[in-house]
Each structure stands twice: as C-alpha cells, then as structure tokens.
1. Taking the criterion of being open to solvent by less than 10 Å² (accessible area, probe 1.4 Å), within 12 Å of ligand 1 (Cβ to nearest atom) and either away from every other protein chain (no Cβ under 14 Å) or assigned to a loop (DSSP other than H, G, I, E, B) (or both), would at least one residue in region B:21-28 satisfy it?
2. How many of the residues in region B:89-107 are open to solvent by less than 40 Å² (accessible area, probe 1.4 Å) and either touching a residue at least 40 places away in the same chain (Cβ under 8 Å) or in a loop (DSSP other than H, G, I, E, B) (or both)?
3. Can you say whether B:Phe84 is of a type in the set (Phe, Trp, Tyr), away from chain A (no Cβ under 12 Å) and either within 16 Å of ligand 1 (Cβ to nearest atom) or touching a Leu at 6+ places or on another chain (Cβ under 8 Å) (or both), as far as the supplied structure shows?
4. Considering B:Ser204, B:Ser212, which residue is within 26 Å of B:Lys13 (Cα to Cα) and in contact with a Cys (Cβ under 6 Å, 6 or more places away or on another chain)?
5. Is one or more of the residues making up region A:172-179 over 26 Å from the mean Cα position of the chain (by Cα), basic (Lys, Arg) and either over 27 Å from B:Glu104 (Cα atoms) or in a helix (DSSP H, G or I) (or both)?
6. Where the second residue is open to solvent by less than 30 Å² (accessible area, probe 1.4 Å) and modelled with pLDDT under 90 and the first is within 14 Å of chain A (Cβ to nearest Cβ) and lies in region B:120-141, which pairs have Cβ atoms under 8 Å and are six or more apart or on separate chains?
7. Residue check: is B:Val117 away from ligand 1 (no atom under 16 Å from the Cβ) and either within 14 Å of another protein chain (Cβ to nearest Cβ) or in contact (Cβ under 8 Å) with a residue 12 or more places away in the chain (or both)?
8. Which number in (1) in a strand (DSSP E or B); (2) at positive phi marks the one condition that B:Gly35 misses?
Amino acid sequence: MNFSIGMTILVILWQMVIWIGDYQEALLPSPLSVAKAIIAMIVDGTLFVHLQVSLGRFIAGYLLAVIPAIMLGMLLGRSPRVWQVIDPIVQVLRPVSPVAWSPFIVLWFGIGNMPAIAIIFIAAFFPVLLTTVAGVKKIDRSYLKIAENLEIKNWQLMYKFIFPAAFPSVVSGLRLALGTAWIFLVAGEMIGAQSGLGFLIVDARNMLNLDYVLAGIIFIGVCGFLLDRLISVFEGWVGKHFGMVRG
Amino acid sequence: MSEYMIEVTDVNKSFGNGAKPVHVLDNVSFRVKKGEIVTLFGKSGCGKSTMLNIVGGFERADNGDVMHDGHPVERPTKRCVMLFQQINLLPWRSVIKNVELGLEEEKISAEEKKERVMDALKLVGLEEHLNKFPHELSGGMQQRVAIARALAIQPDVILMDEPFAALDSFNRYNLQNELLRIQEKKKTTIVLVTHDIDEAVYLSDRVMIMSSHPGRIFKEISINQMKPRDRTHGDFQYYRKKILEEFQLSDEQLAPEYNI
Ligand SMILES: Nc1ncnc2c1ncn2[C@@H]1O[C@H](COP(=O)(O)OP(=O)(O)OP(=O)(O)O)[C@@H](O)[C@H]1O
Ligand SMILES: [Mg+2]
C-alpha cells in the first residue's frame with residue numbers, strides 16, 4: 001500500500017518535471033514511453049533473459065563472498081589477538097570501491113561472467129566479515145558460561161553456540177551486503193559483460209534509447225527492493241528465534 | 001571419598017588489580033555435605049554470585065582451596081551444574097533441545113538420552129511444551145527448563161543463583177515445592193543463593209549469612225525442621241526472625257568500618 005502511494009507520487013513528480021521543464025524525450029523520457037519500454041521488454045522476454053543472467057552472477061558472487069566471510073569472521077572473532085592485526089588491513093581495503101579494482105579484475109579474469117562476480121564478491125565480503133566478527137565478540141558471556149559448564153568445546157562450541165548466538169549480527173551483515181552487492185552488480189556488468197541488467201543499460205545508452213535505460217534502472221531498483229524485503233522477513237524471523245531471551 | 005561434597009577453605013577474591021582493588025570475598029570457608037541444601041544469604045553485592053562462580057569453577061579464587069568431592073576444582077564440569085542469575089537457555093533451541101544440550105556428547109544410548117530428558121521434563125511438569133521456544137514460555141517455565149537440563153545431566157551438585165527471584169510469589173512457591181520434591185528423590189547437593197528470607201528458611205538445611213564489604217560468612221544457622229515446612233507455622237517464623245536478627249547484626253558490625 002505505502003509502496004503504491006510512494007510510486008504514484010514519484011511518477012507524478014516525474015511527469016510534472018517534464019511538463020514544467022518542457023524536456024524533450026531525448027533528454028528525459030516520459031513515464032509513458034518508459035512504461036511502453038518495460039512492457040515491450042517483458043513481452044519479448046529480453047527482460048527475463050537478462051534478469052536471469054544477472055541473478056545468477058549475483059548469487060554466485062554473493063555466496064562465494066558470504067560463506068567464507070562468515071567462517072573467517074567466526075574464527076577471527078574468537079581470536080582477538082589475531083583480529084587486532086587483521087582489522088587494520090580490513091579497514092584499509094574496505095573503503096575502496098570494488099570498481100577501483102576493475103583494471104586488475106579484467107586482467108586476471110578477462111571478460112564474461114567473472115568481472116561482475118568478482119566485483120560482487122568484493123562488495124559483499126567486507127560487510128559480512130565485519131558484522132560477523134563484531135557479533136561473535138559481543139556474544140553474551142552467559143552463553144559461553146553455559147558451554148563451559150556443559151563441557152562443550154571446539155567445533156561443537158562453534159556450531160552450537162557461537163554461530164547461533166552471533167546469527168542476528170550475521171544476518172544484519174548479510175542484509176547490508178545484499179544491498180551493497182546489488183548496487184555494484186550494474187557496475188560489474190558494465191565491465192566487459194554481454195548480458196545482464198547492467199549490460200542492458202549500457203547497450204540501450206549506446207543506442208541512445210533513454211527510455212530503455214530508465215526501464216533498466218527501474219528493474220534494478222525493484223529487484224533490489226524485493227531482495228531487501230525478502231531478507232528483512234528472514235531477519236525478523238531470526239530476531240525472534242535467535243535474539244530474544246526471556247519474553 | 002569424603003563426607004563433604006564441597007569444601008571451601010580460606011577463599012579470598014578481589015576484583016580490579018589497579019590502584020583500588022575491591023576485596024569481595026574475605027577468608028570464606030564452608031563445607032557442604034552430600035545431599036544437603038545450603039543457602040548463601042546476603043545483601044545485594046556482598047559476593048554471593050562471586051562465591052558461587054568460584055565454587056563452580058567459572059572464576060578462580062585469589063587464594064584458598066575449593067574441593068569438589070575431594071578433588072580440587074579447576075574448571076567448570078558437568079558434575080556441578082550452575083543455574084545462572086540471568087540467562088540459562090539458548091533462545092534458538094526448543095525446550096527439549098535445551099534439555100538435551102548437556103547430554104549430546106555423553107556416551108550413552110539414544111534411548112537412554114531420550115529417557116533422561118523426558119524424565120527431567122516430567123519432573124518439572126513441562127512434558128506438554130517440548131517443542132516451544134524459550135520466548136514462548138513464561139519466566140517460571142523458563143526456569144523449569146533450566147532445572148530440567150540440570151537434572152537430566154544427573155550432576156552431583158546444582159548451584160543456583162537466585163533461581164526464583166524474577167518470579168511472582170505463586171510461581172515461586174510452586175517451584176520451591178517442586179525443587180524440594182525432586183531433591184528428596186535425587187538427593188542432589190544444592191547450593192542456593194538468595195536474598196529472600198522465606199526462600200532460605202523454606203528450602204535449606206543450613207543458612208549461611210554473609211556480611212558485605214568484604215564478603216564474609218558471618219553466621220551459620222542450621223534449620224532443624226522437617227520438610228516440607230509450613231510457612232505459617234511458629235517454627236518457621238522463629239527461624240525467620242533469627243535469621244533477620246543475625247542479618248541485622250552482620251550489618252551493624254560493619255558500620256564502624258564505614259566511618260574510618
Ligand atoms: N567481574 C567483576 N569485576 C569487578 N567487580 C566485580 C565483578 N564481579 C563482581 N564484582 C563486584 O563484586 C561485588 C560482589 O558481586 P556479586 O555479583 O558477587 O554480588 P551478589 O552478592 O551476587 O549480588 P546480587 O544479590 O546483586 O546478585 C560487587 O561489589 C561487584 O561490583
Ligand atoms: Mg548475584
């Protein structure tokens with residue numbers, strides 16, 4: 001409901017800008033022509049082809065980043081001394097936009113799927129690593145005392161206590177990473193990809209089809225929004241089952 | 001094998017090694033017989049939890065000895081299970097999974113595990129709520145789960161840090177009764193921490209009154225009265241009054257120290 005109201009307002013504003021500013025279609029396409037472009041892409045199926053490719057890359061890059069980031073984060077969170085050394089390294093690497101690595105990425109991985117996957121990997125890795133470490137470090141001492149008392153150690157301790165206790169933090173990192181990685185998907189697909197939503201935009205720009213550019217932007221936005229909704233539902237469930245103590 | 005399950009001898013403990021360490025426990029000694037229920041009774045901040053943590057092996061005493069069934073305590077073990085003052089359950093595990101937690105690594109058959117878990121849950125009256133999660137339970141039910149977990153392990157000792165403090169009096173009375181009934185059956189040694197006089201008198205064979213700053217055992221009072229006890233009976237009131245008087249004495253003794 002709120003979503004529809006918000007979108008309607010956005011479309012009205014957009015149309016008003018065109019009327020008041022008297023922009024030409026070539027500068028700012030009208031909602032109507034963009035809607036036509038969207039429908040055309042849905043009808044001829046190009047949208048789904050590109051969407052599928054993008055999602056495939058996205059999932060690959062995201063999982064490749066997230067799984068090791070969680071595992072590394074759990075180990076580093078349990079070894080404060082080692083983390084003190086690693087932390088500065090991470091803090092230096094983290095603020096660098098993944099796109100800055102693109103010359104190396106192209107050199108090492110060529111073109112095709114890999115550059116986009118590599119960029120998504122970089123974008124998703126650090127948020128998850130950092131929130132996992134933070135989550136592990138702030139685990140309530142009570143849980144660790146229970147584990148001590150029941151003589152639960154090592155690997156058992158990791159998966160019965162540390163992982164679930166840090167899970168709410170991990171999930172907030174996963175959500176952060178999802179958003180960031182999705183933003184960089186387009187950037188990744190602008191480097192040497194021949195398909196995907198990012199390519200769709202570059203291609204439309206090259207043909208000066210600005211209505212298709214905007215249509216691509218809208219798809220990316222809507223997908224990002226849906227992904228975030230999905231993970232926030234998950235986050236809510238996790239909060240209930242993993243966070244709450246004593247109702 | 002000694003007659004005593006727990007022997008604490010001349011334990012000292014200070015916190016903060018900076019300019020002003022706080023002396024929390026001062027030469028504390030006491031012994032607990034097998035099968036006994038002993039209460040550490042004292043004001044907030046007098047060092048009850050600290051003492052219990054040391055007995056359980058969660059913290060080290062600065063000096064002094066802590067023995068458990070004739071062996072020095074070096075780290076927490078399953079033989080001596082602690083019910084903590086705050087968090088006892090893992091919120092991501094269901095009731096039955098929380099109770100199983102202590103048995104998962106035991107080298108016993110699956111059937112026996114199941115049986116011990118179910119027995120413990122029946123004892124605390126939670127067999128209807130196996131698959132609920134902690135956040136779906138009341139505070140009293142959560143404490144029951146924690147007690148059931150301790151029982152399933154079949155430890156020598158259960159240490160309880162104000163286990164019923166957060167409950168309303170109806171729930172508290174109920175759980176106290178259950179605890180007595182279960183202990184009668186299992187003969188588990190229990191060290192209980194409380195600042196509730198009624199609870200101390202109702203449950204314990206012996207009450208150790210602690211004074212604070214620094215924490216000492218000021219007086220021991222044995223309660224020679226058959227259990228279950230009648231909370232309204234004259235004897236009950238007698239012990240209640242006696243403990244209260246000693247407690248006030250323990251407080252007064254300390255007053256001059258403040259003036260220095
Ligand atoms: N880890 C710690 N570091 C520093 N001081 C501590 C620590 N643990 C306890 N203390 C101090 O030791 C004293 C005794 O604490 P303790 O928790 O044993 O009291 P308590 O008798 O259990 O009180 P309550 O009834 O409120 O639970 C307190 O003054 C407390 O501030
Ligand atoms: Mg305490």
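The values are calculated or read from the model by the stated rules, or taken from the named source; none is laboratory data. Just so it is clear, the model here is predicted, and its values are computed rather than measured. Positions of Cβ are generated from backbone atoms using ideal geometry, with glycine treated the same way; all protein chains shown enter the neighbour counts. Surface accessibility is based on the protein's heavy atoms, side chains included, excluding ligands, DNA and RNA. Shrake-Rupley method; radii C 1.70, N 1.55, O 1.52, S 1.80 Å.
1. The answer is yes, given that some residue of region B:21-28 is open to solvent by less than 10 Å² (accessible area, probe 1.4 Å), within 12 Å of ligand 1 (Cβ to nearest atom) and either away from every other protein chain (no Cβ under 14 Å) or assigned to a loop (DSSP other than H, G, I, E, B) (or both).
2. Let us first name the residues in region B:89-107 that are open to solvent by less than 40 Å² (accessible area, probe 1.4 Å), namely B:89-96, B:98-99, B:101-103.
If we keep only those that are either touching a residue at least 40 places away in the same chain (Cβ under 8 Å) or in a loop (DSSP other than H, G, I, E, B) (or both) too, we end up with B:89-95, B:98-99, B:101-103.
Final tally of qualifying residues: 12.
3. Working: of a type in the set (Phe, Trp, Tyr): yes; away from chain A (no Cβ under 12 Å): no; either within 16 Å of ligand 1 (Cβ to nearest atom) or touching a Leu at 6+ places or on another chain (Cβ under 8 Å) (or both): yes.
It is false that B:Phe84 is of a type in the set (Phe, Trp, Tyr), away from chain A (no Cβ under 12 Å) and either within 16 Å of ligand 1 (Cβ to nearest atom) or touching a Leu at 6+ places or on another chain (Cβ under 8 Å) (or both).
4. On the way: B:Ser204 fails: in contact with a Cys (Cβ under 6 Å, 6 or more places away or on another chain).
Checking each option against the conditions leaves just B:Ser212.
5. Start the filter on region A:172-179 by keeping residues that are over 26 Å from the mean Cα position of the chain (by Cα), which leaves none.
No, region A:172-179 has no match at all.
6. From region B:120-141, the pairs are B:Gly139/B:Leu167; B:Gly140/B:Leu167; B:Gly140/B:Leu175.
7. Values: away from ligand 1 (no atom under 16 Å from the Cβ): yes; either within 14 Å of another protein chain (Cβ to nearest Cβ) or in contact (Cβ under 8 Å) with a residue 12 or more places away in the chain (or both): yes.
For B:Val117, the condition - away from ligand 1 (no atom under 16 Å from the Cβ) and either within 14 Å of another protein chain (Cβ to nearest Cβ) or in contact (Cβ under 8 Å) with a residue 12 or more places away in the chain (or both) - is met.
8. B:Gly35 satisfies every listed condition except (1).
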